[in-house]
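First comes the structure, then the notes that go with it.
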Amino acid sequence: MKKMIIAVLAVSLLSVLTWAQDGILRDNHPDEYTVRKGDTLWDISNTFLNTPWMWPEIWHVNPQIENPHLIYPGDVIRLIYLDGQPRLTLDRTVRLAPGDTKLGPSVRVLPSEDAIPAIPLDRIDSFLSRSRILDLDDLEGAPYMLAGPEKRIVVGAGDTAYARGDFSGDIKNYGVFRKGDKYVDPVTKEFLGIHAQSIGTVSVKSVKDDIATVTATRSTEEIRMGDRLLPNEERSVDSIFYPSAPDTEIEGVILGVEGGVSQVGKMNVVILNRGDREGLQVGNVLAIYKTGELVRDRVTNERVQLPDERAGLLMVFRTFEKMSFGLVLEAERPLSVNDKVRNP
């Protein structure tokens with residue numbers, strides 16, 4: 001299993017913030033907070049800030065701490081004011097070993113994997129590493145499952161099967177993907193991509209002409225004949241997240257939800273119609289809005305569109321050229337496909 005994704009905070013002092021008194025701090029914020037095992041950066045930020053993705057903007061580095069950009073259980077986060085502006089500081093208390101009574105300078109050495117994560121990404125780890133958005137040609141041109149043992153039409157982990165296609169690249173391990181929904185932009189009608197959902201993995205035992213004998217090494221669902229094989233991505237999941245507002249103006253919609261459902265809740269993975277070309281980056285936080293209802297004005301008898309209502313937050317964790325995947329961090333009311341997303 002991949003390492004828990006670690007949140008890294010800004011490591012340099014930032015300029016004085018003119019908006020610091022404009023509602024960034026919660027009214028009931030504590031003066032300090034002791035980090036506990038199981039905490040996430042998002043939870044801690046939300047304790048102090050109304051806009052938790054702005055944490056790096058008021059982080060104040062303590063030069064006496066070796067790794068002030070990593071936060072561990074036992075650390076104390078304190079709110080202080082410098083030149084009238086709020087800053088959050090880190091106090092890493094040195095703990096003596098049992099029986100050690102020596103006082104004086106010492107170092108608390110902590111492995112980076114013990115640092116708290118940005119958000120509980122273990123819930124979407126498999127989705128992070130396997131699901132993809134592809135062009136139609138990329139998927140249709142890929143090798144495919146041809147036959148199972150004894151002419152079976154489905155196979156599972158441990159089974160030997162046969163696949164057909166171009167195996168000339170001497171690739172030994174493939175992911176098995178099932179063709180999912182085709183996505184089209186609801187406004188421009190531009191084709192954006194196809195959701196390729198991971199079903200399992202296979203390893204190639206031998207190849208003759210365009211037929212490969214393969215062994216299914218993993219399966220989350222029954223592998224069917226016709227499922228496509230794509231080389232395993234040599235892509236390390238980003239180990240650093242900087243929760244942040246996008247650098248550009250983003251206006252998009254939720255096109256789909258992982259799992260094929262239409263209703264969206266907290267910790268669901270959603271598919272957006274905006275990606276790299278619109279300037280979205282991993283870690284960007286977007287607000288989710290419910291479209292305002294269309295009502296009848298009983299005075300003028302007109303049909304009136306009510307304003308959109310903010311209903312949640314998501315964070316982008318993977319981007320493609322025209323689309324991206326996001327994780328719903330907050331859902332103040334039921335969300336659904338076609339809800340809007342924009343800058344927070």
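The values are calculated or read from the model by the stated rules, or taken from the named source; none is laboratory data. Predicted model only: the values in this text are computed from it and were never measured. As a convention, Cβ positions derive from the backbone with ideal geometry for all residues, glycine included, and neighbour counts pool all protein chains shown. Note: areas computed on protein heavy atoms with side chains; ligands, DNA, RNA excluded. Shrake-Rupley method; radii C 1.70, N 1.55, O 1.52, S 1.80 Å.
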Requested in this report: Name every residue in region 128-137 that is without any contact (Cβ under 8 Å) to a residue 60 or more places away in the chain and either buried (at least 16 other Cβ atoms within 10 Å of the Cβ) or under 24 Å from the mean Cα position of the chain (by Cα) (or both), in order of residue number.
Outcome: Asp135
Query raised in the report: How many residues are closer than 22 Å to Arg132 by Cα and hydroxyl-bearing (Ser, Thr, Tyr) if we restrict to region 149-196?
Result: 2
Report task. Name the single residue, out of those in region 293-344 being within 15 Å of the chain's Cα centre (by Cα) and assigned to a loop (DSSP other than H, G, I, E, B), that is nearest to Asp181 (Cα to Cα). Result -> Met323
Query raised in the report: Quick one: would you say Lys290 is open to solvent by less than 70 Å² (accessible area, probe 1.4 Å), more than 21 Å from the chain's Cα centre (by Cα) and among the basic types (Lys, Arg)?
Result: yes
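Just checking, does region 152-170 include any residue being of a type in the set (Val, Ile, Thr) and open to solvent by 70 Å² or more (accessible area, probe 1.4 Å)?
Here is the first cut: in region 152-170, the ones of a type in the set (Val, Ile, Thr) are 153-155, 160.
Restricting the remaining residues to those that are open to solvent by 70 Å² or more (accessible area, probe 1.4 Å) gives 153.
Checked region 152-170: at least one residue is of a type in the set (Val, Ile, Thr) and open to solvent by 70 Å² or more (accessible area, probe 1.4 Å).
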Report task. For residues that are open to solvent by 30 Å² or more (accessible area, probe 1.4 Å) and touching a helix residue (DSSP H, G or I) at 6+ places or on another chain (Cβ under 9 Å), tally how many sit in region 197-223. Result -> 2
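Within region 273-284, is there a residue that is farther than 24 Å from Met54 by Cβ and in contact with a Ser or Thr (Cβ under 9 Å, 6 or more places away or on another chain)?
Our first condition is that a residue be farther than 24 Å from Met54 by Cβ; within region 273-284, this holds for 273, 277.
If we keep only those that are in contact with a Ser or Thr (Cβ under 9 Å, 6 or more places away or on another chain) as well, we get 273.
Within region 273-284 (the criterion being farther than 24 Å from Met54 by Cβ and in contact with a Ser or Thr (Cβ under 9 Å, 6 or more places away or on another chain)), the answer is yes, since at least one residue qualifies.
Only one of Phe320, Phe325 is surrounded by fewer than 22 Cβ atoms within 10 Å (Cβ to Cβ) and among the aromatic types (Phe, Trp, Tyr). Can you tell me which? Can you show your working first?
Numbers: Phe325 fails: surrounded by fewer than 22 Cβ atoms within 10 Å (Cβ to Cβ).
Sole residue among the options that is surrounded by fewer than 22 Cβ atoms within 10 Å (Cβ to Cβ) and among the aromatic types (Phe, Trp, Tyr): Phe320.
If a residue has to be open to solvent by 30 Å² or more (accessible area, probe 1.4 Å) and either of a type outside the set (Ser, Thr, Tyr) or at pLDDT below 90 (or both) to count, how many in region 294-317 make the cut? Walk me through how you get there before you give the answer.
Looking only at region 294-317, we keep the residues that are open to solvent by 30 Å² or more (accessible area, probe 1.4 Å), and these are 294-310.
From what's left, either of a type outside the set (Ser, Thr, Tyr) or at pLDDT below 90 (or both): 294-299, 301-310.
Here the count works out to 16.
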Query raised in the report: Could you say whether any residue in region 262-271 is in contact with a strand residue (DSSP E or B) (Cβ under 6 Å, 6 or more places away or on another chain), in contact (Cβ under 8 Å) with a residue 60 or more places away in the chain, open to solvent by 30 Å² or more (accessible area, probe 1.4 Å) and in a strand (DSSP E or B)?
Result: yes
